Amino acid sequence: MGNAYGFIEITGVVAAMDALDIMCKAGEVSLATWERKLGGRLVTLVVEGEVEAVRTAIEAGSTLAIKKPVSTGIIPNPHPEIRKIVAISASRFKNKPEPSSDSKMLGDDPPDFVPKDKK
């Protein structure tokens, strides 16, 4: 675990995976968590690492990704409440068994997502 979080909010899962790949290659960061909203049309990636690594990663992801991010941010030395929110988000996908062949590629939709045909 690092001492900073970096955030990129971007439209589309493909653009998010592209940005994440760029960020992880640009700096010594790792994925802390991610959130999909609007059925994956809006994706927030949270990476963690040392402050300068996070800064480098966010800059690279922001400028080199296939889409321009909607928003970005960096929080050096996050408050414990911020760490708690990230941990809650991460608990949705970390420590789960490996996906089976019939699983969705990127996991289940978050609990707040209800497809239109299910309303």
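Please treat every number below as a calculation from the coordinates, not as lab data. A quick note: this is a predicted structure, and the numbers were derived from the prediction, not measured.
Shape of region 4-96 from the C-alpha gyration tensor: oblate (a/c of 1.5 or more and a/b not above b/c, with a ≥ b ≥ c the square roots of its eigenvalues). Taking every lysine pair in region 4-96 that is 8 or more places apart or spans two chains, those with Cα atoms closer than 28 Å amount to 15.
The slack in the chain from K84 to I66, taken as 0.36 nm per residue of separation less the alpha-carbon distance, amounts to 3.4 nm. 3J(HN,Hα) along region 18-31, derived from phi through the Karplus expression 6.51 cos²θ - 1.76 cosθ + 1.60 where θ = phi - 60°, amounts to 4, 4, 5, 4, 4, 4, 5, 7, 7, x, 6, 10, 9, 6 Hz, with x in place of Gly and Pro. When only alpha carbons are used to place a centre, region 68-92 and region 1-54 end up 10 Å from one another.
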